[in-house]
Structures are given as C-alpha cells and as structure tokens.
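S.K.: I'd like to ask some things about the structure below.
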Amino acid sequence: MENEISRICVMGLGYIGLPTSALLANRGFQVHGVDVNPKTVDIISQGRIHIVEPELDTFVRAAVESGNLKASLLPAEADVFVLAVPTPFHHGSGDTPRPNIDYVLEATRAIVPYVREGNIVILESTSPVGTTDQVAKVLRAGGIDTDRVHVAHCPERVLPGQIMRELIENDRVVGGVTPEATRATAAFYRRFVAGEVLETDARTAEMAKLTENSCRDVQIAFANELSLICDRMGIDVWELIRLANRHPRINILQPGVGVGGHCIAVDPWFIVDSDPENSRMIRKAREINLGKTEWVIGRIRDEAAKLGKAKPVVALMGLAFKPDIDDLRESPAVHIAETLKDDDRLELLFVEPNLREHVRFALTPADEAVRQADLVVYLVRHKIFKGMQVSAPVLDFCGVLQP
Ligand SMILES: NC(=O)c1ccc[n+]([C@@H]2O[C@H](COP(=O)([O-])OP(=O)(O)OC[C@H]3O[C@@H](n4cnc5c(N)ncnc54)[C@H](O)[C@@H]3O)[C@@H](O)[C@H]2O)c1
C-alpha cells in the first residue's frame, strides 16, 4: 500500500511541520500544508517563510514554485496525515505542570472528514504516553475504523539550526497503535529518511522521546548541582569537571544558569505528570535546574550590592536559551532579566548579539555594555563574548572565560 503514497497532508506549519512539508514536496510528494494561522498560510503560499532556520527558505521556495507544496487553512484528502502541532504544558493548581494535548485533538478532529480507508495518520508532536491512542479514539468517534486506518507516533528529534539535514539523517522511532500501523508508517519514513527507522509500539515511541529529553535534563542538573556545591566549597567547578572527565567512562556536562528551550525544560514534566510517585529523580532534576536560575538571581544581587554603589550598572550578557542562537523560548536568562528588571537598586544593560531588537528589553551592543558596566554577568556562552576585554568585575555562570 505504501507504494501508492503520493499525497501528504501536514497539520501545523511551524518549526517541525514546515521543514517536513518542504522536504517531502522536494522529494516529489504532493503536500497540502495546513495551519490555523492565516498569516502563516499567506506567507508560505508566497514561497516565503515565517521562522528562522538555515536552508529552509530555499526548500520552501522550490517546493511552492514546483506546485508540490500548497498551504491552506483547511485539510484535504491525502494518503498520509502528519500532525505537527504544539504540545505545551500549562501550570494548573498543583505543583506539576500538566501537558496540554488540546491542539493534537483539535487537529485530529479537523482531519476526520478527509481520512479514508488505507490512510496513515502520524502524530509527530512530542506527546505524553497514551496520546496516539487518544488520536485513534478521536478518529473512531468520527466513524473511522482504526483497523483500516493506520495510526502511529513518530517523534521528531531534530536540532534547530540543522533541521533540514537532521530530518533526513537522524534515526527515527516509529510506533503504531497496531503492528500493521507500525509497519506501514515505518515503510513511509524509509522513503525519505537515510537514518535507521526503528519499529516499536506507540506508547514506547512516545516514552522514548520524553526519555531522551529527561536524560539530558538529569545530566545538566548534575552539573548544576555540582556548581552550587563547588561554589560553597571554594572549588572551581569548571576545572573540577575537566579533571573528572579525563576518567575514561565519565562525561559530565557543563553547568549554566538553568535549562531552557521548548523541549528539555518541558518534556520531563510529561513523565512526572503520568507517574508522579515513581518519577522522583526526573522531578528533582527539573527542580534543581529551575532552582539554579533563582540562585543566579540571588548571586547577581549580592555581588552588585558588594560594589558599594548607589545604583550599579549590571550588564546581562545573553538572553537566548543556549549559545549562538536567537531562540528565547523558556530561556532562563530571560527569566533572570525579567526578575531583575524590577529591581530599582540596579541599572541593567541587556545584551543579546543574536537579536536586533526585543519588545521588552532595550538591547545594548556587547562592547558598549562591557565598557559601561560596573558588573559584567555572563548568562549565555555565546562565542562572540569570548576574548572580550573586560575591566569590571565578572560573574561567569556559563564558562565564557573557560578555555
Ligand atoms: N521545534 C523543535 O525543534 C522541535 C523538536 C522536536 C519536537 N518538537 C515538537 O513538535 C511539535 C511542534 O513543534 P513546533 O516547534 O513545530 O511548534 P510551532 O509552534 O513552531 O508550530 C506549530 C504550528 O501549528 C499550528 N497549529 C496549531 N493548532 C493547529 C491546528 N489545529 N491545525 C493546524 N495547525 C495548527 C500553529 O499555528 C503553528 O504554526 C511539538 O510537539 C514540539 O514539542 C519540536
């Protein structure tokens, strides 16, 4: 059946859905891309892009010009449906943020009138365990026989900045709600993925993605915890980690001001929410990484107070959630800047060389900020900060001064 696949309907044209659509269109599939945002549909229809990602503009332009990629507000009939909509969390009344799968369910309801026997419906969004079953349930409620329509999960693992390459090269995990769905979906991915396509069931595939990001979170929490212990003991944490990592089987990550981004800082909560009783280390890691950000805020306040100036000028160097990108989503550096902004004992300079402007922070060029500052605080290890001449005292939370 998979040899007959030619039409793909992609729900959600963001960081995942648009590159996927453009790649498939350039491989000769007829792609019908759907987004609820009319501005997004309008821009893509003109062959342009609304997000920053290397090479994506070339792919989208070629895809639209060839006629293989069409953007629309409404779904259409297809052989394969790909759901690539957001799965954020929301802070409810309890102490664990809860996953919100409303966008997934909404997008599934939207495709119901277009799904036919033999079609494949793939959930690519990062999802709590059981979401793919929920997708199947919504389809069944719409009168679709899910023994005759293949429903599967295939989590996306691409790294922003390298999406076009990683979409092809990464290994993929595919898990269907039935073995037949797994087989059919895996065969589809093998048509354009050069990496290995690994087959499992839907729940394991969902958990695999959450596990990957939780593992990173736990490892970063270890480094962040070490940084606090070393600070109290008067030990240089950077040197310590360098030395420990010379052990042949040790690989400690680098500490920082917390963990940001829309994946590692979000996905572990999906596991904690599913099994709070057993996810003790995963929750603790989240708490340690969040706590590190609050600790940094306290340190900045303390060091600024020690300068003995009425209103010292503090340069906050970096706002992005990791080095050398312009993405501020869930960025701990932004949280630090937001919190200190209201402190009238400080005069703050905000520096983010990867952005031209920001709606809430008036940005200062890095060299100017460093010249004016009474205290220079490195929040993000941007390459551009390395080797700058600084005469003011420095707080380096992310290793800019390290070799
Ligand atoms: N961005 C990444 O690097 C990345 C990596 C791995 C996994 N993911 C996961 O992929 C999923 C999508 O993430 P993203 O970064 O592409 O999000 P995004 O916000 O960039 O894009 C999602 C798009 O879906 C649209 N949308 C919302 N509801 C819709 C609906 N009912 N029908 C059609 N379109 C709808 C939105 O308007 C938006 O354009 C998430 O689950 C995310 O966790 C993202």
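The numbers here are math on the coordinates, done by the rules we state, and not lab data. Since the structure is predicted, the reported quantities are computational estimates derived from the model, not experimental observations. Backbone-built Cβ (ideal geometry, glycine too); neighbour counts: all protein chains shown.
S.K.: Can you return the aspartates and glutamates within cross-link range of K322? Criterion is Cα-Cα under 16 Å, with same-chain partners fewer than 8 residues away left out.
M.R.: E53, D217, E330, E352, D396
S.K.: Cut-off is 10 Å between beta-carbons; in what order do S21, S274, S93, S214 appear when sorted fewest neighbours first?
M.R.: Fewest to most other Cβ atoms nearby, the residues stand as S93, S274, S214, S21.
S.K.: Expressed as a whole number of Å, what is the distance separating the alpha-carbon centroids of region 10-65 and region 330-403?
M.R.: What the calculation gives is 35 Å, centre to centre.
S.K.: In percent, what relative contact order does region 84-233 have, based on Cα pairs under 8 Å that are 6 or more apart in sequence?
M.R.: Averaging sequence separation for qualifying contacts and normalising by length gives 20 percent for region 84-233.
S.K.: Looking at the chain as a GNM with Cα springs under 10 Å, which of L349, L167, L159 has the largest mean-square fluctuation?
M.R.: Answer for the Gaussian network model of the chain: L159.
S.K.: Given a cut-off of 30 Å, what percent of all Cα-Cα pairs of region 2-195 lie beyond it?
M.R.: 15 percent
S.K.: Rounded to whole Å, give me the distance from the Cα center of region 70-106 to that of region 257-290.
M.R.: Between the Cα centres of region 70-106 and region 257-290 lies a distance of 21 Å.
S.K.: Which ³J(HN,Hα) values, rounded to whole Hz and listed in residue order, are derived for region 74-83 from phi using the Karplus coefficients 6.51, -1.76 and 1.60 in 6.51 cos²θ - 1.76 cosθ + 1.60 with θ = phi - 60°, glycine and proline given as x?
M.R.: 10, x, 9, 4, 7, 8, 10, 10, 10, 9
S.K.: Counting only C-alpha contacts under 8 Å and six or more residues apart, can you give the relative contact order of the chain as a whole percent?
M.R.: Worked out over the chain, it gives 11 percent.
S.K.: Just to check I understand the Karplus step: with θ = phi - 60° and J = 6.51 cos²θ - 1.76 cosθ + 1.60, what whole-Hz values come out for region 201-216, glycine and proline as x?
M.R.: Per residue, the Karplus-derived 3J(HN,Hα) values read 9, 4, 5, 5, 5, 4, 5, 4, 5, 5, 5, 4, 6, 5, 4, 4 Hz.
S.K.: Could you tell me what a quarter of the Cα convex hull surface of the chain works out to, in nm² with one decimal place?
M.R.: 21.7 nm²
S.K.: Under 5 Å between amide hydrogens, which residues at least 5 positions from L69 or on another chain qualify, with H placed 1.01 Å from N in the peptide plane?
M.R.: Amide H to amide H, under 5 Å and 5 or more residues apart or across chains, L69 pairs with V31, V64.
S.K.: What aspartates and glutamates could a cross-link reach from K39, if we take a straight Cα to Cα line under 15 Å and drop same-chain neighbours fewer than 8 places away?
M.R.: none
S.K.: What are the ³J(HN,Hα) values, in whole Hz, obtained from phi via the Karplus relation 6.51 cos²θ - 1.76 cosθ + 1.60 with θ = phi - 60°, for each residue of region 236-253 in sequence order, with x given for Gly and Pro?
M.R.: After applying 6.51 cos²θ - 1.76 cosθ + 1.60, I find 6, 5, 5, 5, 4, 5, 4, 5, 4, 6, 6, 5, x, 10, 10, 9, 7, 7 Hz.
S.K.: Taking region 342-403, which GluC sites (Glu not before Pro) meet the DSSP loop condition and have no more than 12 other C-beta atoms within 10 Å?
M.R.: Answer by residue number: E357.
S.K.: Springs between alpha-carbon atoms under 10 Å, Gaussian network over the chain: tell me which of I101, I325, I43 tops the mean-square fluctuations.
M.R.: Between I101, I325, I43, it is I43 that shows the largest mean-square fluctuation.
S.K.: Can you tell which of A107, F29, I122 lies farthest toward the positive end of the dipole of region 2-195, using +1 and -1 charges on the Cβ of basic and acidic side chains (Lys, Arg; Asp, Glu)?
M.R.: F29
S.K.: Take C154, C215 and order them by how many other Cβ atoms sit within 10 Å, fewest up front.
M.R.: C215, C154
S.K.: Using helices alone, I'd like the mean residue ellipticity at 222 nm for the chain: each DSSP H run of four-plus residues gives -39500 (n - 2.57), total over residue count, nearest 500.
M.R.: One gets -12500 deg cm²/dmol as the mean residue ellipticity at 222 nm.
S.K.: If you don't mind, there's one more thing I want to ask. Neighbouring Cβ atoms within 10 Å as the yardstick, rank S227, S66 fewest first.
M.R.: Least to most surrounded, the residues fall as S66, S227.
S.K.: If you average the sequence gap of Cα pairs under 8 Å that are 6 or more apart and divide by the length of region 211-396, what percent do you get for the contact order?
M.R.: Computed over region 211-396, the figure is 21 percent.
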